[in-house]
Amino acid sequence: MALKRLNIQWLRNLRSVDISPSDRVNLIYGVNGSGKTSVLEAITVLGQGRSFRSHKLKPLIHREQEGFTVFGRILDQERELPVGVAREKSGGSQIRVDGQTVSSASALAQHLPLQIINAQTFQLLEGTSKVRRQFIDWLVFHVEPGFLPAWKGLQRCLKHRNSLLRRDRISTAELASWDRELVILAEAIHGYRERSLKPFFAMFERLAADFGAIEGLEVRYFRGWDKDRSYAELLADAVERDQARGYTQSGAQRADLRITVHGQNAAEILSRGQQKLVVCAMHIAQGYVFGELSGRQCTYLLDDLPAELDRKYRQQLADWLDAMGSQVFVTGIDKEVLIDTWGKHQHTEQKVFHVEHGQVTAD
């Protein structure tokens, strides 16, 4: 899968952009504020229905305009699929896939699966469990068809159970009914995650060995409740504590990845460069496993690649991406640094784009 054409109208400072990217490596350079990160934002709008900077689309609209549009053609199983997203200041929005209007952004994600590596990537180590849960579920969503309906069902159950917990008097029968469904859904979601994470952990270990394997580095999965107890038993025992808090404290909605070095939080032990390489390896491992399980490729967006990574680590990342064969979009200030990073992979098709004052031109 690859983005074959990208047309952007009035997104942030990008006035009118129309480019035909390479199926493999796209190097995008320009000074700060030129609009190069906005090009990556436009791609995420096509693949996720939103920007990686914000869930809101309105801030993406150029200040002098009433709306923006992003259009692309995606090569999907030897067929070019037209995809478009439009948003107006008035609040109107539209998503179209293959000429049909769709109501859910999940339809976009199925056609253009994206892996994003940027400054926010550090949140995998430093952020809340929600960030790591979203990381886990990107892979699960794409390779387990039953995951999305199970996750939606879990949210519905939690909403009703939490509402009961906040009442002065709890209907035992009603609570038991929601608990039974919650257990079924939580265990199903745990199963989906566990199946996807098993090959992910194996691939991550292989990649970690490439950069000398940080001694004591470990990534473990926590399912959201005690591994030695059944979820049904735990829910029954925790009713009073949950009622005191007003919400369900354990379950699949509390799942996490625990990333440690010799048992301590990795974010507190690793240097900034080591942290970035670890989180990059996690994203690369996801892409590998996605390819193996789905038979498709995801697209990688790397914003400001040189930041925090020295030349050795930048080239390690390029080696991983080249071996995978994915389409890649990389931004940076220095054109020569970007070209040097992929210098040993001249056999791979590369295109270079210059962004200046909101205009994008091919070098």
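Observations, loosely collected:
- Links that overshoot a 19 Å alpha carbon limit, given the list 130/159; 276/344; 312/344; 56/276; 276/312; 56/152: 276/344; 56/276; 56/152
- Only DSSP H runs of four or more residues enter the estimate; each adds -39500 (n - 2.57), and after division by the residues of the chain the mean residue ellipticity at 222 nm equals -14000 deg cm²/dmol.
- FRET E, pair residue 20, residue 264, Förster distance 51 Å, beta-carbon r, rounded to 0.05: 0.60
- Distance between the pseudo-spin-label points of residue 361 and residue 159 (7 Å out from Cα toward the beta carbon): 5.2 nm.
- Net length gained if the chain between residue 354 and residue 244 were fully extended (0.36 nm per residue, minus Cα distance): 33.9 nm
- With contacts taken as Cα pairs under 8 Å at a separation of at least 6 residues, the chain carries a relative contact order of 27 percent.
- The simple spin-label model puts a point 7 Å past each Cα toward its Cβ; for residue 54 and residue 209 those points are separated by 4.6 nm.
- In the stretch 302-363, the convex hull through the Cα atoms has an average projected area of 4.4 nm², a quarter of its surface area.
- Using θ = phi - 60° in the Karplus curve 6.51 cos²θ - 1.76 cosθ + 1.60, the 3J(HN,Hα) couplings for the stretch 175-192 round to 5, 4, 5, 5, 4, 4, 5, 4, 4, 4, 5, 5, 5, 5, 5, 4, x, 4 Hz; x is entered for Gly and Pro.
- Cα extents for the chain along the principal axes, largest to smallest and rounded to whole angstrom: 68, 53, 36.
- Heavy-atom accessible area per residue - the chain, 1.4 Å, Å²: 46 Å²
- Apportionment of accessible area to carbon and sulfur, the stretch 252-312, percent (1.4 Å): 42 percent
- The stretch 1-157: projected area of the alpha-carbon convex hull, averaged over directions, in nm²: 10.8 nm²
- The stretch between residue 229 and residue 104 holds 41.3 nm of extra length on full extension. This uses 0.36 nm per residue minus the Cα-Cα distance.
- Between the alpha-carbon centres of the stretch 267-324 and the stretch 50-104 there is a gap of 27 Å.
- Peptides ranked, highest mean first, by Cβ atoms within 10 Å: ranges 122-132, 107-117: 107-117, 122-132
- Linear extension gain, residue 7 paired with residue 254, 0.36 nm per residue minus alpha-carbon span: 85.0 nm
- Distance between the stretch 332-362 and the stretch 130-178 - C-alpha centres, whole angstrom: 44 Å
The values are calculated or read from the model by the stated rules, or taken from the named source; none is laboratory data. Only a predicted model underlies this, so the values are computations on that prediction, with no experimental measurement involved. No Cβ is skipped: glycine too gets one built from the backbone with ideal geometry, and neighbour counts run over all protein chains shown. For accessibility, only protein heavy atoms count, side chains too; no ligands or nucleic acids. Shrake-Rupley method; radii C 1.70, N 1.55, O 1.52, S 1.80 Å.
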